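A short write-up of the structure that comes next.
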Amino acid sequence: MKGKSNNNARRTTYNGVTYDSGSEARYAAVLDQQLAGGVIDGWKRGVPIRMVGTITYKPDFCVWTRPCPDHTDTWWVDVKGREYRDFRLKMRLWLETGPGKLITVKERGTSGTFKIDQEWIPGQKAPVRKRKTKKRVVVTVRKG
């Protein structure tokens, strides 16, 4: 089953569950592989987390290596395509009130290979993203 979510991503079904994008579905498959290989002890779809007042944030996944009531071995994952303005605001709130580490990952193409984009750890400063700069070449043509 495929449809469109609000950011032009195509809803995709994996293992009987519909995800907001193909990248999220492929990341769920990666988590299943890690679970089968013993790298993690479990994962589930993310649930809304109240940040401040009525502002909530819903990471895509909750992952753990050992069920633990204090969340020390638990982290949250958000699969990112585009970052919208409200995302940066919610991440700043996460740094103040989040229950634990949040990792944003990005897929390389549609290969199912993911890289960690940023880590958001409550109590720490916001990660600084290195901007790619284009080298500017100036060519001067002299007549004569």
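Scan segment 21-40 for residues that are touching an Asp or Glu at 6+ places or on another chain (Cβ under 8 Å) and not small (Gly, Ala, Ser) and jot them down.
If the condition is that a residue be touching an Asp or Glu at 6+ places or on another chain (Cβ under 8 Å) and not small (Gly, Ala, Ser), then Glu24, Arg26, Tyr27, Leu35 are the ones that fit.
Tell me yes or no: at least one residue of segment 29-44 is within 21 Å of Trp120 (Cβ to Cβ), under 13 Å from the mean Cα position of the chain (by Cα) and without any contact (Cβ under 8 Å) to a residue 40 or more places away in the chain.
No: segment 29-44 contains no residue that is within 21 Å of Trp120 (Cβ to Cβ), under 13 Å from the mean Cα position of the chain (by Cα) and without any contact (Cβ under 8 Å) to a residue 40 or more places away in the chain.
For segment 72-95, indicate whether the set of residues that are in contact with a Pro (Cβ under 7 Å, 6 or more places away or on another chain) and among the small types (Gly, Ala, Ser) is non-empty.
There is no residue in segment 72-95 that is in contact with a Pro (Cβ under 7 Å, 6 or more places away or on another chain) and among the small types (Gly, Ala, Ser).
I'd like to know if segment 75-91 contains one or more residues that are hydrophobic (A, V, I, L, M, F, W, C), more than 17 Å from Gln33 (Cβ to Cβ) and surrounded by fewer than 19 Cβ atoms within 10 Å (Cβ to Cβ).
Yes: one or more hits.
Out of the residues in segment 1-56 that are among the polar types (S, T, N, Q) and under 17 Å from Glu107 (Cα atoms), which is modelled with the lowest pLDDT?
Filtering segment 1-56 for residues that are among the polar types (S, T, N, Q) and under 17 Å from Glu107 (Cα atoms), the one modelled with the lowest pLDDT comes out as Asn7.
Does Asp78 satisfy the criteria of being within 19 Å of Thr13 (Cα to Cα), part of a strand (DSSP E or B) and of a type outside the set (S, T, N, Q)?
When the stated conditions are applied, Asp78 passes them.
Could you count how many residues in segment 57-75 are more than 24 Å from Asn15 (Cβ to Cβ) and at pLDDT 90 or above?
The total comes to 1.
Criterion first (modelled with pLDDT under 90, under 15 Å from Ala126 (Cβ atoms) and acidic (Asp, Glu)) does Glu83 satisfy it?
So Glu83 fits the description; yes.
In segment 100-117, which residue that is polar (S, T, N, Q) and either modelled with pLDDT under 90 or assigned to a loop (DSSP other than H, G, I, E, B) (or both) is nearest to Trp76 (Cα to Cα)?
Going through the qualifying residues, I end up with Thr113.
The values are calculated or read from the model by the stated rules, or taken from the named source; none is laboratory data. Just so it is clear, the model here is predicted, and its values are computed rather than measured. Cβ sites come from the backbone with ideal geometry, for glycine too, and all protein chains shown count toward neighbours.
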